[in-house]
Amino acid sequence: MPFPLTRDAGAAGVLLELGDHLSRRGWQVEYLAPKSNGILSERWISVTFPLFVLLKLSFTGQRYDIIDSFPGSCGLYFSAFRKRKSLFVTFSQMLLGPFLERSNEKSARDGVSMFRLMRRRYALWLEHISISRCDVFLALNEEERSYATDRYNIAPDRTFVVGNGIAGHFFCVPRKKRVSRKTVRRIVQIGSYEPRKGVDVTRDALAPIMAEFPDLELWFLGTRTSEEKVHSDFPKNIRSRITVIPEYCNDELPEVIASCDILIFPSLYEAFGLAPLEAMACGLPVIVSDAAGPKQYAKSEVNSLVVRAGDAQALSDAVRRLLDNASLFQLLQNSGYETVLDYRWADVTDRRIAIYRGLMSSGS
């Protein structure tokens with residue numbers, strides 16, 4: 001379960017949007033989420049939350065038709081109660097297992113405290129239990145689905161790939177029309193400023209281009225770190241053209257995205273990636289890495305430009321193509337918008353409900 005439960009956080013925002021759309025379709029939805037008590041740190045709250053869920057669901061008089069949770073949140077409960085009356089659903093917002101394997105287990109251990117290593121092993125165990133003992137696992141991409149069947153021993157017919165949705169306010173922003181290269185002034189990257197998001201790739205790819213084009217700007221949204229930290233990674237001569245927004249309000253995000261011209265999303269690992277779809281809805285052409293998540297919807301040369309994860313030169317070449325080629329720019333704008341229409345929350349919720357009903361009618 002994400003902490004805190006707010007629409008301005010990625011996984012939490014997804015959960016709240018899903019709950020809203022289920023409620024509109026007549027489903028009664030109750031949220032069980034960690035809360036700050038002023039005593040425990042967020043780290044300890046996340047560690048103890050599965051125990052809280054076990055106790056809450058074990059001793060409450062409330063009966064639920066479906067218990068739908070992130071991997072780990074209900075791990076202890078799923079482990080304790082194999083015979084139950086509720087349908088157990090586990091849905092991913094990024095599996096820890098494949099991420100650690102992709103990032104190389106040794107490098108993932110280097111410089112990590114014993115407490116963090118133990119917490120990681122505990123989280124992996126909960127993830128395993130949550131998926132292997134649930135009635136159905138909803139993955140965000142095909143790679144996660146394959147990982148779950150191979151490593152967590154869940155039957156393939158109990159796994160589905162269901163993406164996240166795009167909130168309606170992203171479709172209400174007028175799309176810009178590119179006139180010339182000089183009208184393309186602002187490149188944006190959305191997400192926390194960390195290695196997994198490919199920030200080093202962005203620096204190596206964009207710094208030379210920004211030095212060449214003195215009117216080009218680079219914006220970082222949702223970095224969760226300071227402007228000083230981001231600026232320190234870039235040459236001094238371009239820092240004045242780098243804008244850093246550590247946090248944002250989701251309701252205001254469409255206008256901010258629409259003020260930009262190109263979105264880059266060079267993540268090294270990504271389970272889904274809402275930002276490219278949100279940018280498509282706002283009329284931006286996008287450049288994404290070939291991480292597992294974006295590959296679910298990004299088709300290179302069709303609705304986006306897809307580059308190899310970790311390849312700064314490929315990202316640089318893709319940015320230059322969009323700067324130099326107005327027809328490609330407009331093609332990706334139009335086809336990107338058509339793509340994102342399949343990811344409206346109403347449609348995503350209907351697909352999820354169809355899975356619920358199918359399992360409930362079969363008595364799973």
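The values are calculated or read from the model by the stated rules, or taken from the named source; none is laboratory data. If you're wondering where the values come from, they're calculated on a predicted model, not measured in any experiment. Note that each Cβ is placed from the backbone with ideal geometry, even for glycine, and that neighbours are counted across all protein chains shown.
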Given the conditions (1) modelled with pLDDT of 95 or more; (2) assigned by TED's automatic domain parsing to the domain that holds Leu277, which single one is not true for Lys177? (1)
Quick check on segment 275-287. Is at least one of its residues buried (at least 21 other Cβ atoms within 10 Å of the Cβ), in a helix (DSSP H, G or I) and among the β-branched types (Val, Ile, Thr)? no
Identify, please: which residue in segment 1-51 is modelled with pLDDT of 80 or more, among the aromatic types (Phe, Trp, Tyr) and in a loop (DSSP other than H, G, I, E, B) and is, among those, surrounded by the fewest Cβ atoms within 10 Å (Cβ to Cβ)? Tyr31
Val230 vs (1) assigned to a helix (DSSP H, G or I); (2) crowded, with 23+ Cβ neighbours inside 10 Å; (3) of a type in the set (Val, Ile, Thr); (4) in contact with a Phe, Trp or Tyr (Cβ under 7 Å, 6 or more places away or on another chain): all pass except (2)
For segment 116-172, which positions are in a helix (DSSP H, G or I), in contact (Cβ under 8 Å) with a residue 60 or more places away in the chain, surrounded by 15 or more Cβ atoms within 10 Å (Cβ to Cβ) and acidic (Asp, Glu)? Glu143, Glu144
Residues being farther than 17 Å from Gly191 by Cβ and either outside the structural domain of Val173 (by TED's automatic domain parsing) or not aliphatic (A, V, I, L, M) (or both) - total across segment 236-251: 6
For Asp215: the one exception among (1) surrounded by 15 or more Cβ atoms within 10 Å (Cβ to Cβ); (2) part of a loop (DSSP other than H, G, I, E, B): (1)
The condition from (1) out of contact with any strand residue (DSSP E or B) (no Cβ under 7 Å at 6 or more places or on another chain); (2) in a helix (DSSP H, G or I); (3) at pLDDT 95 or above that Asp251 misses is numbered (3)
Across segment 281-311, the tally of residues that are aliphatic (A, V, I, L, M) and over 19 Å from Ile190 (Cβ atoms) stands at 1
